[in-house]
Amino acid sequence: MGYALKSIYAERKILYILPLVLIFSDEAPKRRFLIAFLLTSIVGLVMSFLVIDPFLHWRFTLNPDIVFRSNVTQSMIFALGGFLSLWFATQYQEWARKMVFYIVALAFFLNIATLTAGRSGYVVCLVLVVWSFAMWRGFKGVLAGLLAALLIGALAFFASTSVHDRVMKGVNEINTYSTSAEESSLGIRMVLYKTTWTIIQETPLFGTGTGGFKKRFSAIAAEKYSGWQASPAEDPHNQYLFVTVENGLVGLATFLLLLFTLVKYCLKDGSPYGKMAAGCVLAWSATSLFSGHFRTFPEGHLIAAIVGMLMVSRLPPKGV
């Protein structure tokens, strides 16, 4: 029961959305939130570059890729910061101001490509590239965005040693997990996915029940595997598998409906803020194929804040 309550408590972030919608329905608080988010991200960005220096690294006990909690969290924040900087650049006519934001955006993307080796950040960047084109040109923009994302991804892969090594490391972890003596990020995911799929097949419609994954997975892993592969786990590192294994296909359908509804209402009034929120929901939906970013503490709170603050824009009174 304790673990079940813990699992339910992890979903509390969705409750933050409604009060935030009521508080941030006007444009002014939305812009203040975006400015505050960007400034905070820039502080983290500057610190990330500064602690490359050995003395500052020792002085602040920080690594360049974990100024914000972890390289995963930091890469996602910096990806949002880069695209937000590009958006702010479009809000000004003066070329000097535009250039400042373009340079900041470039610094964010450069950091992701060289220092903050979080694959989730790569995914967020690619999703937001496609989404930006879609908001610009509709369905034709999606096709153009997919092509642009493919080209950007290929360029980053071949031009950045960090991106190349991070991607190839993941490929190697997937290919060798069954024979590897050491646990790896994607290796443990392969074990989690295979075992989770086995559990889903046992109770596909309604699942094991909230909190049931840990006990069932640990029992199967201990029986089927040895070494690090037999370690117990609380989460399969895939949001959709987690929902399905504990709440069945009924729960998965409900979760997908929730995501669809969030995107729908983000786009309802056509405001740029709602479009930003919708893009973030889609980005989180993509990264959650490899993690549980709607449940994890930093990423879950961040997406709840973004959606709550940006989703709804109150229309001005008629005649104003």
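The values are calculated or read from the model by the stated rules, or taken from the named source; none is laboratory data. As the structure is a computational prediction, the values presented were derived from the model and not from experiment. Quick reminder, even Gly has a Cβ in these numbers, built from the backbone with ideal geometry, and neighbours come from all protein chains shown.
Observations on the model:
- Residue within the range 2-17 that is over 23 Å from GLN239 (Cβ atoms), modelled with pLDDT of 90 or more and out of contact with any His (no Cβ under 8 Å at 6 or more places or on another chain) present: no
- Residues located in the range 295-311, provided they are crowded, with 23+ Cβ neighbours inside 10 Å and at pLDDT below 90: none
- Listed by first and then second residue, the pairs linking a residue in the range 116-134 that is without any contact (Cβ under 8 Å) to a residue 40 or more places away in the chain to a residue that is in a helix (DSSP H, G or I) and crowded, with 21+ Cβ neighbours inside 10 Å, with Cβ atoms under 6 Å apart and 6 or more places separating them unless they lie on different chains, are VAL129/GLY145; VAL130/GLY145; PHE133/GLY145; ALA134/GLY145.
- Cβ-Cβ distances below 7 Å connect the following pairs, each with a first residue in the range 201-229 that is within 17 Å of ALA253 (Cβ to Cβ), a second residue that is surrounded by fewer than 16 Cβ atoms within 10 Å (Cβ to Cβ), and a separation of six or more residues or different chains: PRO204/LEU249; LEU205/LEU249; LEU205/VAL250; PHE206/VAL250; THR210/ALA4; THR210/ILE8.
- Among (1) out of contact with any Gly (no Cβ under 9 Å at 6 or more places or on another chain); (2) part of a loop (DSSP other than H, G, I, E, B); (3) over 23 Å from ASP269 (Cβ atoms), the one test that VAL67 misses: (1)
- Members of the range 228-251 found to be under 28 Å from ARG119 (Cβ atoms), more than 19 Å from the chain's Cα centre (by Cα) and of a type in the set (A, V, I, L, M), listed by number: ALA230, ALA233, VAL245
- Residue match in the range 20-28 (condition: hydrophobic (A, V, I, L, M, F, W, C), within 24 Å of GLY118 (Cα to Cα) and either touching a Phe, Trp or Tyr at 6+ places or on another chain (Cβ under 6 Å) or crowded, with 16+ Cβ neighbours inside 10 Å (or both)): no
- The residues in the range 93-124 that are over 21 Å from HIS293 (Cα atoms) and either touching a strand residue (DSSP E or B) at 6+ places or on another chain (Cβ under 7 Å) or not in a helix (DSSP H, G or I) (or both) can be counted, and the count is 3.
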